[in-house]
Amino acid sequence: MHTFYHFGRYFMLLHRTFRKPEKWKVFFRQLFRELENLGLNSIGIVLIISFFIGAVLAIQTAYNMENPLLPNYLIGLMVRDTMLLEFSSTIVALILAGKAGSSICSEIGTMRISEQIDAIEIMGVNSASYLILPKVVAAVLFFPLLSILSMFVGIFGGWITIIIKGLTTSAEYIAGLHYSVQFYYIGYSLIKMAVFAFVIASVPAYHGYYVNGGSLEVGKASTRSVVYSSILVLMFNLILTQLLL
C-alpha cells in the first residue's frame, strides 16, 4: 500500500506540474536557467566518459578478435553499435541521474525545508509548475542532444585509440562505421533518452518536493531519488528495447 501511495502522489504532482504557467515570461526565464544548469553543465562529464568508453571498447574488441578470419573493420562496427544502442542513451542517463537528479532533489528539497515553497503557495503561484515544469522540459529537450554528442565523442575516442596503439588502420575503422548503417538506431537512442530525461527530472523533483525534516533528510531524499531514478531508467530501457527493436 505504501508503494501505491507514492505512485498516486507522484501522478498527482505531475497533474499539478503540467498546468499552464501563470506567466510565460517567467517560465521561459526559468527554462533557460535550467537548460544551463542541467544541460550545459553536464557536457563536460559526458564528453570525458564517452571518450574513454569509446577507447576501451576499441581496445577490448581488438584484443578479442584473435581469429584471423574476422575482419578488422568489426572494431569500428562494434564501437559504433555499442555507443548508439546502449551507452549513449542508457549509461549516459545513469550518469545524469546521479549528477542532475541529485541536484534537482537537493535544490527543491532545500526550498521545502526552508519554507520557500510555502511562501510561493501563499502568493497564489502553482509551486509545482513553477519549480518542476522548467526542469522537466529542459531535460527532455537537452538530454537527447547530450546523447548525440556522446555518440560522436565515443566513436572519435575509439578512432584515436586504434591509431595510437596501431590496432588497425584508420580506413578499416571507418569502413566498420559505414558498414550496414542503421539510422533507426539513432532514433531509437533518442527516444530512449527522452523517456529517461523525463524520469531523471520528475522522480528527484518528487522526492525533493515532499521532503520533511532538515538538511539530513534532504541528503537522504537525494540518495533515494538517484537510486529510484536509476532503477526506473533500467526498467524502461528493457521495456523500450522490447518495443522498439
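Check whether at least one residue in the range 176-187 is closer than 30 Å to Lys20 by Cα and either at pLDDT 95 or above or of a type outside the set (Asp, Glu) (or both), and report yes or no. The answer is yes; a qualifying residue exists. Just name the residue that is surrounded by the most Cβ atoms within 10 Å (Cβ to Cβ) out of those in the range 12-69 that are assigned to a helix (DSSP H, G or I), in contact (Cβ under 8 Å) with a residue 24 or more places away in the chain and among the charged types (D, E, K, R). The residue in question is Glu34. Considering the conditions (1) part of a helix (DSSP H, G or I); (2) of a type outside the set (A, V, I, L, M, F, W, C); (3) farther than 30 Å from Ser114 by Cβ; (4) out of contact with any Leu (no Cβ under 6 Å at 6 or more places or on another chain), Ser202 is excluded by exactly one of them, (3).
Inspection of the range 85-98 finds no residue satisfying the criterion of being more than 18 Å from the chain's Cα centre (by Cα) and under 30 Å from Leu244 (Cα atoms). Summed over the range 133-179, the residues that are among the β-branched types (Val, Ile, Thr), in contact with a Phe, Trp or Tyr (Cβ under 7 Å, 6 or more places away or on another chain) and under 25 Å from Leu94 (Cβ atoms) give a count of 3. Of the helices (runs of 4 or more DSSP H) lying entirely inside the range 111-191, those containing at least 3 residues that are more than 22 Å from Tyr63 (Cα to Cα) span 116-122, 127-131, 133-165. Looking at Val140, Val92, just one residue is surrounded by fewer than 21 Cβ atoms within 10 Å (Cβ to Cβ) and modelled with pLDDT of 90 or more, and that residue is Val140. Scanning the range 208-223 for residues that are within 19 Å of the chain's Cα centre (by Cα) and exposed (fewer than 15 other Cβ atoms within 10 Å of the Cβ) gives a single hit, Thr223. Just to check your reading of the model, which residue among Ala205, Ala197 is under 23 Å from the mean Cα position of the chain (by Cα), modelled with pLDDT of 90 or more, more than 24 Å from Gly154 (Cβ to Cβ) and not basic (Lys, Arg)? So the residue among Ala205, Ala197 that is under 23 Å from the mean Cα position of the chain (by Cα), modelled with pLDDT of 90 or more, more than 24 Å from Gly154 (Cβ to Cβ) and not basic (Lys, Arg) is Ala205. Test Val79 against the stated conditions and say whether it is at pLDDT 90 or above, over 17 Å from the mean Cα position of the chain (by Cα) and assigned to a helix (DSSP H, G or I). Spelling it out, Val79 is indeed at pLDDT 90 or above, over 17 Å from the mean Cα position of the chain (by Cα) and assigned to a helix (DSSP H, G or I).
Contact map, the range 98-126: residues that are under 18 Å from Gly219 (Cβ atoms) paired with residues that are among the basic types (Lys, Arg) and assigned to a helix (DSSP H, G or I), Cβ distance under 7 Å, separation 6+ or inter-chain. Pairs shown: Ile104/Lys135.
In contact (Cβ under 8 Å) with a residue 12 or more places away in the chain, farther than 21 Å from Ile49 by Cβ, touching a helix residue (DSSP H, G or I) at 6+ places or on another chain (Cβ under 9 Å) and of a type in the set (A, V, I, L, M, F, W, C): does that describe Ala221? Yes: the conditions hold for Ala221.
Being under 29 Å from Leu190 (Cα atoms), touching a residue at least 12 places away in the same chain (Cβ under 8 Å) and within 17 Å of the chain's Cα centre (by Cα), is that true of even one residue in the range 168-178? The answer is no; no qualifying residue exists. So is Ala128 in contact with a helix residue (DSSP H, G or I) (Cβ under 9 Å, 6 or more places away or on another chain) and buried (at least 24 other Cβ atoms within 10 Å of the Cβ) or not? Judged against the criteria, Ala128 is not a match. Are there any pairs with C-beta distances below 6 angstrom linking a residue in the range 185-208 that is at negative phi to a residue that is of a type in the set (D, E, K, R), with the two at least 6 apart or on different chains, and if so which? Cβ pairs passing all conditions: Ala201/Lys135; His207/Arg224.
The values are calculated or read from the model by the stated rules, or taken from the named source; none is laboratory data. On a predicted model such as this, the values are computed, not experimentally measured, just so you know. Note that each Cβ is placed from the backbone with ideal geometry, even for glycine, and that neighbours are counted across all protein chains shown.
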